[in-house]
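Undergrad: One structure coming up, written as structure tokens, with questions to follow.
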Amino acid sequence: MLHGPRIAAPPAAKEVSVQVQQDGLPPATMRGALMPASGAKGGGFVMIPIGDLKQTMASMRAKETGMTARVDGVDVFALSYDGLDQARSAMLDCLAGKPYTGGKSLAEATSEIRLVGTGTIAGTAFYKGAMLAKKQYPPKGSQRVGLIHMSDEFKQWFETVKQSQKMPDRIPERIAKHFMFATILDDQGSFRFTRLPPGEYLLIADFSYKETVTRSEVTGRTDVFVGNQHIGSNDQVAYWFEDVKKNTTFSKTVHLKDGEALQVSLDKSMLGCFFICR
């Protein structure tokens, strides 16, 4: 059964033609029945015979960009996805009414499927410890910038974790697919995430930076005398500078539109604190 806001909701059941179009392949046509909404919000329903679904599912590729479904010639649904191979057997067994024997539940198997889109999030990540300090970047070739797709499914899971006040021993596969990592492309902290569907995302940077600190050590003492009278002492202090590595983690929330190429600056700068905290 398909449901969506672009699907019409007739007053009575109506037989329709459902056409699935995949890039570079001839369209697959199925019979369907357009059903009344029965008080449901957000569009109507199309029921499709299991036999037609099984045939279409078997012909679908492991990943697809821009697959569309039409009901009586009207586009009602568009989908881009990746990871179908690992879930195909489970879904076909479900359609056949058989238990899946692949060692995973249907929910676990289908969790491998990830929606993909045409959006891009790119930018640079850096840390700046003071107004006159130079920018410091994560190392080239490292994976120190991550991205979390803040879907409703992820937010619901995260809220449950917060309420339990305990991190789970294992993150479910359906949640793990929300996490992505980018390889730093150059010495200026450039990163890029591609094939993203629209939605809310949380960018996270986690890397080490170098900070120069001043060290001091009392190496001796100078006593001061006037005549035979001791009037005081001065410490002899040696100073030197030392570079130490410290870790920093910071994040930024962004909203990506369908097909958008979003450019962001993912930075932690102490410049803002200089003006706000004084």
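The values are calculated or read from the model by the stated rules, or taken from the named source; none is laboratory data. Everything numeric in this text was worked out from a predicted model, so none of it was measured. Every residue, glycine among them, receives a Cβ derived from its backbone with ideal geometry; neighbour counts consider all protein chains shown.
Undergrad: Can you name the residue in the stretch 152-179 that is of a type in the set (Asp, Glu) and under 15 Å from residue 202 (Cα atoms) and, of all such residues, is surrounded by the fewest Cβ atoms within 10 Å (Cβ to Cβ)?
TA: 152
Undergrad: I've got another one for you. In the stretch 156-177, is there at least one residue being assigned by TED's automatic domain parsing to the domain that holds residue 252, modelled with pLDDT of 85 or more and under 17 Å from residue 255 (Cα atoms)?
TA: No, that holds for no residue.
Undergrad: Could you tell me whether any residue of the stretch 211-225 is in a strand (DSSP E or B), over 30 Å from residue 119 (Cβ atoms), in the same structural domain as residue 123 (by TED's automatic domain parsing) and in contact (Cβ under 8 Å) with a residue 60 or more places away in the chain?
TA: yes
Undergrad: Also, I was wondering about something else. Is it true that residue 185 is surrounded by 14 or more Cβ atoms within 10 Å (Cβ to Cβ) and in a strand (DSSP E or B)?
TA: So residue 185 fails the test.
Undergrad: Check residue 200 against each of (1) out of contact with any His (no Cβ under 6 Å at 6 or more places or on another chain); (2) assigned to a strand (DSSP E or B) and name the one condition it does not meet.
TA: (1)
Undergrad: I'm trying to understand the selection: among the residues of the stretch 148-175, which are in contact (Cβ under 8 Å) with a residue 12 or more places away in the chain and within 13 Å of the chain's Cα centre (by Cα)? Break it down into steps so the answer makes sense when it comes.
TA: As a first pass, look at the stretch 148-175 and keep what is in contact (Cβ under 8 Å) with a residue 12 or more places away in the chain: 148-151, 153-154, 157, 172-175.
Within the stretch 148-175, 148, 149, 150, 151, 153, 154, 174, 175 qualify.
Undergrad: List pairs: first in the stretch 15-34 and without any contact (Cβ under 8 Å) to a residue 12 or more places away in the chain, second part of a loop (DSSP other than H, G, I, E, B), Cβ under 6 Å, 6+ apart or cross-chain?
TA: none
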